[in-house]
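A short write-up of the structure that comes next.
The values are calculated or read from the model by the stated rules, or taken from the named source; none is laboratory data. Note that the structure is a prediction, hence the values are computed from the model and not measured. Cβ: placed from backbone, ideal geometry, glycine included. Neighbour counts: every protein chain shown. Heavy atoms of the whole protein, side chains included, go into the accessibility calculation; ligands, DNA and RNA do not. Shrake-Rupley method; radii C 1.70, N 1.55, O 1.52, S 1.80 Å.
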Amino acid sequence: MKTSPSIGEYLIQRLYSHGVRHVFGIPGDYVLGFYDLLSKSKLRIVNTCDEQGAGFAADAYARVRGLGAVCVTYCVGGLKVANTTAEAFAEKSPVVIISGAPGMKEREKNPLLHHKVREFDTQKKVFDQLTIASTVLSDPQTAFQEIDRVLHAALRYKRPVYVELPRDQVFVKGIPHHQAAELHERSNPGTLRAALAEAVQMIERARKPVILADVEVHRFGLQDQVLALVEKTRIPVAATVLGKSVIGEQHPLYLGIYEGAMGREAVRQYVESSDCVILLGAFMTDINLGIYTARLDPSRSIYATSEKLSIRYHNYEDVRFKDFIRGLLGAKLRRRGRTRIPQPTPILPFQVRKSDTRLTVKRLFERVNGFLSTNTVVVADVGDALFGATDLFIRQRTEFLAPAYYTSMGFAVPASVGAQLANPKLRPLVLVGDGAFQMTGMELATIARYQLNPVVIVLNNSGYGTERHMQDGPYNDVWPWQYWRLPEILGAGRGFLVQTEQELDRALGQAQDYTKGFCLLDVRLGPLDRSPALDRLASRLAKQI
Ligand SMILES: Cc1ncc(C[n+]2csc(CCOP(=O)(O)OP(=O)(O)O)c2C)c(N)n1
Ligand SMILES: [Mg+2]
């Protein structure tokens, strides 16, 4: 007879069966037993320099692969991934946070054990706020069910979950003959029918419908269905910053990024003059809506997400997002004639103006546009890296990762680790400000250790450029590192100092050929220079004040 697995083994089995192959983190004595199990399992441990790096890597991994995992020690490690878990929650990324903890026996009489903050459950309480489900695997009778429950919640809501594993429970057997319950949630058929009927009628009556595709289309893996809907009906489609790349940006029916005043004016006008905006999986965040400069009228909108479905002013309960999109795809919707839609500015071949022309942010992004290929994943950090990147043309879908809502600096370098391990066919192009790089750039060591090969562009503008435009002071300066010399210290990768257009052109040319390791471009920019996207936002906001 098959013996039942231990609690630690069962957790590993379930992660594996949901497609997880890598676990990011740093060990500590409260989690060493589980690390030993992990190292003997089919999952690969990826050691980062810092837990925050592990958290960002796992978040990116989850975005690319559907589920990610980070494994850390109690409190000193766990609380360091609080920020990355908050990001995963806010931006809907299903990450499993596994934390070691004192054993149940050790907790008797409440002793002062190392790493403990206040009570033994202090860390759990913090994570209750940051996750969609959490558990302490303290009871072998319920541990397997608890693992099933939290993993289901992560997959159902695309949000992080917390699993605390007391160190004396790792090798304890759970209940025998446990079968993992599969998750099947259905829409209420009557409500679904009524919702589809109203939506179809509204779309059919509309003269100028438009689809706005956002992040949940990506998280729920519905890109193919949305693309099929667009092609079947010839309704043009725009994306948001957070949903950038859910639709291949060179598709003839693709309008561009809609982000209120921050985006291109032609896209804004097209979307805002539509008599039926179909928002699919949209997050109504301030950044997504161009710092609330977007003008979308609910009386002309269909708003479908995993949490809510409203059509004009009617709300429908119990309708799954997937079922609604599939329903629309199966519905009788007429195929529209070709309409004139705003065309994106074509990508022109980059011509170096003069060999000593100093580089600007605008020209940097023009050259980077030409560097992208179908296997590039663009990973943008907060700052002008993110604003500028919104104007890039992503060659295929799902190839743009950025914390565009939560906007925590320090995401991009570690996220490139997660993205490339999640899909080794991708080569990450990391766009990161010098300020953000100083937070987590040491994860280049992780990149070297696991032989990854991103191209990292440090937008070196001597400090917190984005903030300088709001309010400047010495607090926006950072110490000027010679970033391009880091490969020498790390004993891996290649570094390039880039000050002119010609140097950029050459460095990117060489980066294309050098695929054995990472490339780091230290791109020197003026402290007040900014991307066209940030420029547009600033000037339009100025007009509105
Ligand atoms: C973790 C974190 N701390 C602080 C901020 C506030 N903040 C937003 S943009 C910014 C400056 C970013 O500087 P840098 O990475 O050099 O990019 P730049 O703005 O210069 O393009 C700061 C400090 C933040 N978003 N995240
Ligand atoms: Mg900067």
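Scanning the range 387-405 for residues that are open to solvent by less than 10 Å² (accessible area, probe 1.4 Å) and closer than 14 Å to G465 by Cβ yields a total of 1. Take Y258 and decide whether it is of a type in the set (F, W, Y) and open to solvent by less than 10 Å² (accessible area, probe 1.4 Å). Here the answer is yes, as Y258 does meet what is asked.
Screening Q169 on (1) open to solvent by 10 Å² or more (accessible area, probe 1.4 Å); (2) in contact with a Lys or Arg (Cβ under 6 Å, 6 or more places away or on another chain); (3) not in a helix (DSSP H, G or I) shows it passes everything except condition (2).
Tell me yes or no: at least one residue of the range 188-204 is among the β-branched types (V, I, T) and open to solvent by 40 Å² or more (accessible area, probe 1.4 Å).
No: zero hits.
D477 falls short on exactly one of the conditions (1) within 12 Å of ligand 1 (Cβ to nearest atom); (2) of a type in the set (D, E); (3) within 20 Å of the chain's Cα centre (by Cα), and that condition is (3). The lone criterion from (1) out of contact with any Ser or Thr (no Cβ under 9 Å at 6 or more places or on another chain); (2) open to solvent by 30 Å² or more (accessible area, probe 1.4 Å); (3) farther than 23 Å from V126 by Cβ; (4) not in a loop (DSSP other than H, G, I, E, B) left unmet by K80 is number (3).
Residue under question is V150, and the condition is that it be of a type in the set (A, V, I, L, M), outside any helix (DSSP H, G or I), modelled with pLDDT of 95 or more and closer than 30 Å to G78 by Cβ; does it hold? Against the criterion (of a type in the set (A, V, I, L, M), outside any helix (DSSP H, G or I), modelled with pLDDT of 95 or more and closer than 30 Å to G78 by Cβ), V150 does not qualify. In a residue-by-residue description of the range 94-101, the property of being surrounded by 22 or more Cβ atoms within 10 Å (Cβ to Cβ), in a loop (DSSP other than H, G, I, E, B) and within 22 Å of the chain's Cα centre (by Cα) applies to at least one position.
For the subset of the range 268-304 comprising residues that are modelled with pLDDT of 90 or more and hydrophobic (A, V, I, L, M, F, W, C), which member is nearest to the chain's Cα centre (by Cα)? My answer is L280.
Would you be able to say whether some residue in the range 530-540 is surrounded by 19 or more Cβ atoms within 10 Å (Cβ to Cβ), assigned to a helix (DSSP H, G or I) and within 16 Å of ligand 2 (Cβ to nearest atom)? Yes: one or more hits.
Where helices (runs of 4 or more DSSP H) fall wholly inside the range 292-399, the ranges with 3 or more residues that are farther than 30 Å from R427 by Cβ are 321-330. For the range 119-128, the condition of being assigned to a loop (DSSP other than H, G, I, E, B) and touching a Ser or Thr at 6+ places or on another chain (Cβ under 9 Å) holds for none of the residues. Return yes when R118 is among the basic types (K, R), open to solvent by 40 Å² or more (accessible area, probe 1.4 Å) and over 30 Å from K322 (Cβ atoms) and no when it is not. Yes: the conditions hold for R118. Does F127 count as among the aromatic types (F, W, Y) and either closer than 25 Å to P414 by Cβ or at pLDDT 95 or above (or both)? Here the answer is yes, as F127 does meet what is asked. Considering (1) part of a helix (DSSP H, G or I); (2) in contact with a Phe, Trp or Tyr (Cβ under 6 Å, 6 or more places away or on another chain), say which one R63 fails and leave the rest. R63 satisfies every listed condition except (2).
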